[in-house]
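A.B. asks: Pasting a structure below so you can have a look.
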Amino acid sequence: MSNATNTAKKGGFLAGTANYLDERVGMGGILKEFGRKIFPDHWSFMLGEVALYSFLVLLLSGTYLTFFFQPSQVDVIYDGVYGPLKGAHMSIAYKSALDISFEVRGGLLMRELHHWAALLFVAAAGLHMMRVFFTGAFRKPREINWVVGFALFVLAMGGGFTGYSLPDDLLSGNGLRIIDGMIKAIPVIGAYVSSMLFGGEFPGTHIVARLYGLHILLIPALILVFIAIHLFMVVIHKHTHYSGPGRRDDNVVGYPLMPVYVGKAGGFFFLVFGVLMLVAATVSINPIWLYGSYDPSPVSAGTQPDWYIGWADGALRLAPTHLEFLDWTGHTWSWNILLPILVLVVFVVLVAFYPFFEAWVTGDKREHHVLDRPRNAPTRTAIGAAGMTFYAALWAGASTDLIATHFHLSLNGVLTTIQILLIVGPIIAFYITKRTCLSLQRKDREIVLHGRETGRIVRLPHGEYMEVHEPIDDHELYKLVDFVDHQPTVARPNAKGKITLGARMRAAWSRFYFEDRVAPVTTGELAEARSHHENHEVAGSDAKALH
Amino acid sequence: MASKQESQGGEHEYSAGLAVVSADKIADPGLEPHRVRMTDKSEKHEKRAASQVAGWFLISIAGSISAIVFYFLFPINADLNTVRTNTFFFGVSAALGMLAIGFGAVHWAKTLMPDAEVAEARHQTRGSEEVRARAIEIVNLANQESGFSRRKLIRRSLYGALALFPLPGLVLFKDLTTNNNPSGTLRHTMWARGVRLVTDPLGTPIKAADVTLGSVFHVIPEGLNELPEDQKLEQKAKAAVLLVRLDESEIKSEKEKAWGHQGIVAYSKICTHVGCPVALYEQHTHHLLCPCHQSTFDITDDCKVIFGPASHALPQLQISVDNQGYLVANHDFFEPVGPSFWERSVNE
């Protein structure tokens, strides 16, 4: 930047602008600090970017929609261009949504763009969360940023649901009806909360306007604030990188922001926007005109919520029959609804607090900037797989009717199966994943110690057949041995000589996590394996690196 | 875990906990050697990459311009196909305008910008000891100068003030609803003695003789269609009813028989789970199925729940015929319809 100020004397528009900005906002210092910041490169780091860019697309397309959408439930008679609904009573909200679709050029495109971007936003955020989980990127110093990201995921679902409810068509009305039913189940205050949300009895004439306020102001504002915090912390910590030669906890390896990431990430924004636009232009979504205005009496069978609400809807379906009972005062406890809500809340809280739990078990206070390969943290990876299976079972629960009709199965059978899978599935997933990780780790050890199998079979002079193994180069090798290895601990007495419950618990959990472990190959082991190979060579044949 | 002393390098030495810190760890060979790209060694390749990048940007320009052209070329009118044409051509061209910028920029970065990875030092998030000491000093100074710890009265009264100031804001939310007895209004529907059962949505009264065996009627109370529009849906959300005629011998419950009329029975259509309309009637099993969460009710046995997450039976509407042969209600529902709520079973 000092160059820029020097050249400013020579004139030129760019130099002049640079000088102007530096003298007013200190642009020079900002560029010096951030211009050559290093970012590591990996495809999985783009998931968060996809989420961020989808959100920008949501802001742009959403703002456009607000220019035409009217969040009012005042009744009107439709006289627009869509024939089948001509003369029908409907709310202004629904009519304006129809008008956006049929009477504004590009309006339908923007509605579809907005909906697709919302689906992608939550999906990308979810995948990003999984990437962070399975690579251990949530470890110190990033625990708080995990919670911030988690809040973003919840806000994204909230934004999605409030938006889904705005067009006031049959689907959005039914979604709200379900929310109303869930709210009414809340002990003591349920009926009041429902009444306050809907401004009286369901469905009332207030809910669309109220959700609109949340949807276009409060939720996006909160998302923006949390994104700002999220990215600010990325700058503070600098991005993590995958393990490999030259990648350490005290450095960051990658490309500079300017120009490489301006090109790559800037270009990627256009790719995400472009793909969403292409999908919006060619694939129809939420054809609200087909379902008609909201009416509490009809319902279309086989309707599905947006994908990210599926797991909540599935939880409601999977609740067993007859869970509702009266207490001694005659008040109703709707455990058929409260239990699924509780399951969702507990799941979400466990996800949010996982980093703190793992940190407590490992007792590892160091900063971690090198990511784990999922196989190198077998128990964590298995826990993640179990969590995903649990989520997937709830999610599949939202489609029991479609599964049953498409595969000609009994509806009750499908539901019971998923109920069982919800409990058993995670346990199986945990076991399989953990064993798979440990096997992969052992395979890595084999490769490090004995080289890679080449598939070439050699017959030795004395008749023995052997496969030729090729040693791998030092850089590849380092990738396989550079990981954090943990050992279980035993409960030790504290300063007062007492073994506390906490110490016992931590010892038990450390066994759960680290009892089965595959340690990375050490220099000694490698030297021994290599000398063994050399002996083999001398004694055996002229084939190289035989095992 | 107590952390150890500051190491000489200025970086804090943290406890590794259960992590194994091995002295025999295989040494880091350092970054892989950089592989030179074709565009770095061959001018021909470099030039070609440069023209490819520019080519993408030109395609983008063409896409954006054609989007504008298509916007005007394909106006939309009452023919809905015009909406499809406009959406498709405008959208695809605009998408091309963006995608091509993306392809161009990424291609530029990957082929022409330096691709040798560089390492930058990363420092611990924790501040140096001097910084931390100064931070503590600042906090102490602020505490001293304001007397925050010392002046208990000020501090405690401030806590009190801060705790109370949001309450007026909370009270403001009271008027989100003007209904002072929400659980009370949930107990009553439009049904009353003598109210005719009429079809949904046309409002035609139903003669008992017209309800043939096995037929299903979606029913609303007479007068619902005449309500002001802003009350209609609220009433319908409670009063919707499903009417079927069963063979009387198939009805298992005596109460159900008595509350019906010659095998014609009327049940609330609002699911007792979370309120979806229980709209699917399976004729040969006499099951009512809620399409939202698959709660299943047996219509021959008081509409008891036989499957799914709902917990109590659909309320039955007591019906008879009036002197003209039309079906009428005898009474409002005897219990609240729809989803459960806290006060549902409490007598008022």
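The values are calculated or read from the model by the stated rules, or taken from the named source; none is laboratory data. This is a predicted model, so every value here is computed, not measured. So basically every Cβ, Gly included, is an ideal-geometry build from the backbone, and we count neighbours across all protein chains shown.
A.B. asks: Would you call B:A142 closer than 26 Å to A:V234 by Cα and either touching a helix residue (DSSP H, G or I) at 6+ places or on another chain (Cβ under 8 Å) or surrounded by fewer than 13 Cβ atoms within 10 Å (Cβ to Cβ) (or both)?
C.D. replies: Spelling it out, it is not the case that B:A142 is closer than 26 Å to A:V234 by Cα and either touching a helix residue (DSSP H, G or I) at 6+ places or on another chain (Cβ under 8 Å) or surrounded by fewer than 13 Cβ atoms within 10 Å (Cβ to Cβ) (or both).
A.B. asks: Residues of segment B:302-348 being of a type in the set (D, E, K, R) and more than 7 Å from chain A (Cβ to nearest Cβ), which ones?
C.D. replies: Taking segment B:302-348 as the starting set, the residues that turn out to be of a type in the set (D, E, K, R) are B:302, B:304, B:322, B:332, B:335, B:343-344, B:348.
Passing the criteria: B:D302, B:K304, B:D322, B:D332, B:E335, B:E348.
A.B. asks: If I ask for residues that are loosely packed, with under 11 Cβ neighbours inside 10 Å and at pLDDT 90 or above, which ones from segment B:1-32 would you list?
C.D. replies: B:A27
A.B. asks: I'm trying to understand the selection: among the residues of segment A:500-547, which are at pLDDT below 85 and closer than 30 Å to B:V21 by Cβ? Don't jump to the end; show me each part of the working.
C.D. replies: Filtering segment A:500-547 down to residues at pLDDT below 85 leaves A:532-547.
Passing the criteria: A:H532, A:H533.
Each row is one residue, and each column tells you yes or no for (1) within 25 Å of B:E229 (Cβ to Cβ); (2) of a type outside the set (K, R); (3) under 26 Å from the mean Cα position of the chain (by Cα); (4) at the interface with chain B (Cβ under 8 Å from one of its Cβ atoms).
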site	(1), (2), (3), (4)
A:G173	yes, yes, no, no
A:R177	yes, no, no, yes
A:D180	yes, yes, no, yes
A:A185	no, yes, no, yes
A:V193	no, yes, no, no
A:I207	yes, yes, no, no
A:L211	yes, yes, yes, no
A:I216	no, yes, yes, no
A:A221	no, yes, yes, no
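A.B. asks: Among (1) crowded, with 19+ Cβ neighbours inside 10 Å; (2) at negative phi; (3) not basic (K, R), which single condition is A:V345 missing?
C.D. replies: If we test A:V345 against (1) crowded, with 19+ Cβ neighbours inside 10 Å; (2) at negative phi; (3) not basic (K, R), just (1) comes out false.
A.B. asks: Is it the case, given these coordinates, that B:S215 is within 19 Å of B:L288 (Cα to Cα) and buried (at least 16 other Cβ atoms within 10 Å of the Cβ)?
C.D. replies: No, not satisfied.
A.B. asks: Quick one: which of A:F161, A:F138, A:F121 is buried (at least 22 other Cβ atoms within 10 Å of the Cβ) and at pLDDT below 95?
C.D. replies: Exactly one residue qualifies, and that residue is A:F161.
A.B. asks: Anything in segment A:72-84 that is touching a residue at least 24 places away in the same chain (Cβ under 8 Å) and closer than 14 Å to B:E229 by Cβ? List them, or say none.
C.D. replies: Result: A:S72, A:Q73, A:V74.
A.B. asks: Please indicate, with yes or no, whether at least one residue in segment A:221-232 is in contact (Cβ under 8 Å) with a residue 60 or more places away in the chain, closer than 30 Å to B:C271 by Cβ and not β-branched (V, I, T).
C.D. replies: No, segment A:221-232 contains no residue that is in contact (Cβ under 8 Å) with a residue 60 or more places away in the chain, closer than 30 Å to B:C271 by Cβ and not β-branched (V, I, T).
A.B. asks: Same structure again: Any chance you could count how many residues in segment B:42-53 are more than 14 Å from chain A (Cβ to nearest Cβ), not charged (D, E, K, R) and not in a loop (DSSP other than H, G, I, E, B)?
C.D. replies: 2
A.B. asks: Then there's this: Considering only segment A:46-64, I want to know if a residue exists there that is closer than 24 Å to A:G200 by Cβ, in contact with a helix residue (DSSP H, G or I) (Cβ under 7 Å, 6 or more places away or on another chain) and touching a residue at least 40 places away in the same chain (Cβ under 8 Å). Don't jump to the end; show me each part of the working.
C.D. replies: Taking segment A:46-64 as the starting set, the residues that turn out to be closer than 24 Å to A:G200 by Cβ are none.
No, segment A:46-64 has no match at all.
A.B. asks: Which helices (runs of 4 or more DSSP H) sit wholly inside segment A:346-454 and have at least 3 residues that are of a type in the set (D, E, K, R)?
C.D. replies: Numbers: elements: A:378-397, A:400-406, A:411-450.
It comes to A:411-450.
A.B. asks: Let me ask something additional. Kindly provide the set of residues from segment B:268-303 that are in a loop (DSSP other than H, G, I, E, B), closer than 18 Å to A:D180 by Cα and touching a residue at least 24 places away in the same chain (Cβ under 8 Å), ordered by number.
C.D. replies: Listed by number, the residues that qualify are B:K269, B:C271, B:T272, B:H273, B:V274, B:G275, B:V278, B:S295.
A.B. asks: In addition: Taking segment B:208-257 only, how many residues are farther than 21 Å from B:F333 by Cβ and assigned to a strand (DSSP E or B)?
C.D. replies: Going through segment B:208-257 one residue at a time, the tally reaches 0.
A.B. asks: With respect to the numbered conditions (1) within 9 Å of chain A (Cβ to nearest Cβ); (2) under 24 Å from A:G397 (Cα atoms); (3) not hydrophobic (A, V, I, L, M, F, W, C), which one is the sole condition not fulfilled by B:E234?
C.D. replies: Result: B:E234 passes all but (2).
A.B. asks: Of all residues being surrounded by fewer than 13 Cβ atoms within 10 Å (Cβ to Cβ) and not in a helix (DSSP H, G or I) in segment B:159-187, which is farthest from the other protein chains (Cβ to nearest Cβ)? Just the residue, please. Steps first, please.
C.D. replies: Going residue by residue through segment B:159-187, those that are surrounded by fewer than 13 Cβ atoms within 10 Å (Cβ to Cβ) are B:159-175, B:178, B:180.
With not in a helix (DSSP H, G or I) added as a condition, the list becomes B:165, B:178, B:180.
Details: B:F165: 20, B:T178: 7, B:N180: 9 Å.
Per the criteria, the residue is B:F165.
A.B. asks: What's the total number of residues in segment A:231-256 that are more than 10 Å from chain B (Cβ to nearest Cβ) and surrounded by fewer than 17 Cβ atoms within 10 Å (Cβ to Cβ)?
C.D. replies: Residues in segment A:231-256 being more than 10 Å from chain B (Cβ to nearest Cβ) and surrounded by fewer than 17 Cβ atoms within 10 Å (Cβ to Cβ): 4 in total.
A.B. asks: Continuing with the same structure: Could you please give the count of residues in segment A:356-367 that are closer than 23 Å to A:L438 by Cβ, surrounded by 20 or more Cβ atoms within 10 Å (Cβ to Cβ) and not hydrophobic (A, V, I, L, M, F, W, C)?
C.D. replies: The qualifying residues number 3.
A.B. asks: Out of all the residues in segment B:24-41, is one or more under 46 Å from the mean Cα position of the chain (by Cα) and either within 11 Å of chain A (Cβ to nearest Cβ) or assigned to a loop (DSSP other than H, G, I, E, B) (or both)?
C.D. replies: no
A.B. asks: Continuing with the same structure: Return the residue satisfying two criteria in turn: it lies in segment A:493-515 and is exposed (fewer than 12 other Cβ atoms within 10 Å of the Cβ) and among the charged types (D, E, K, R), and of such residues it is farthest from the other protein chains (Cβ to nearest Cβ).
C.D. replies: A:K498
Per-residue answers, yes or no, for (1) β-branched (V, I, T); (2) without any contact (Cβ under 8 Å) to a residue 24 or more places away in the chain; (3) under 27 Å from A:L170 (Cα atoms):
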residue: B:R193; (1), (2), (3): no, no, no
residue: B:T199; (1), (2), (3): yes, yes, yes
residue: B:L202; (1), (2), (3): no, yes, yes
residue: B:K207; (1), (2), (3): no, no, no
residue: B:V211; (1), (2), (3): yes, no, no
residue: B:G214; (1), (2), (3): no, no, no
residue: B:G223; (1), (2), (3): no, no, yes
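A.B. asks: Restricting to segment A:318-334, give me the number of residues that are more than 8 Å from chain B (Cβ to nearest Cβ) and either part of a helix (DSSP H, G or I) or in contact (Cβ under 8 Å) with a residue 24 or more places away in the chain (or both).
C.D. replies: 1
A.B. asks: How many residues does segment A:85-106 hold that are assigned to a helix (DSSP H, G or I) and in contact (Cβ under 8 Å) with a residue 40 or more places away in the chain?
C.D. replies: Within segment A:85-106, residues that are assigned to a helix (DSSP H, G or I) and in contact (Cβ under 8 Å) with a residue 40 or more places away in the chain number 7.
A.B. asks: Specify which of the listed residues (B:E129, B:E137) is more than 12 Å from chain A (Cβ to nearest Cβ), over 30 Å from A:R248 (Cα atoms) and loosely packed, with under 12 Cβ neighbours inside 10 Å.
C.D. replies: From the options B:E129, B:E137, the qualifying one is B:E137.
A.B. asks: Follow-up. Could you say whether any residue in segment A:97-119 is more than 14 Å from chain B (Cβ to nearest Cβ), within 19 Å of A:I309 (Cβ to Cβ), under 25 Å from the mean Cα position of the chain (by Cα) and not polar (S, T, N, Q)?
C.D. replies: Yes, that holds for at least one residue.
A.B. asks: Sticking with this one: Could you please tell me which pairs satisfy a Cβ distance under 7 Å, a separation of 6+ or placement on different chains, a first residue in segment A:272-298 that is facing another protein chain (nearest Cβ under 10 Å) and within 30 Å of A:D79 (Cβ to Cβ), and a second residue that is in a loop (DSSP other than H, G, I, E, B) and among the hydroxyl-bearing types (S, T, Y)?
C.D. replies: Here the result reads A:W289/A:Y82, each pair linking segment A:272-298 to a residue that is in a loop (DSSP other than H, G, I, E, B) and among the hydroxyl-bearing types (S, T, Y).
A.B. asks: Quick one: in segment B:203-231, which of the residues that are β-branched (V, I, T) and within 14 Å of another protein chain (Cβ to nearest Cβ) is farthest from B:V337 (Cα to Cα)?
C.D. replies: The qualifying residue farthest from B:V337 (Cα to Cα) is B:V216.
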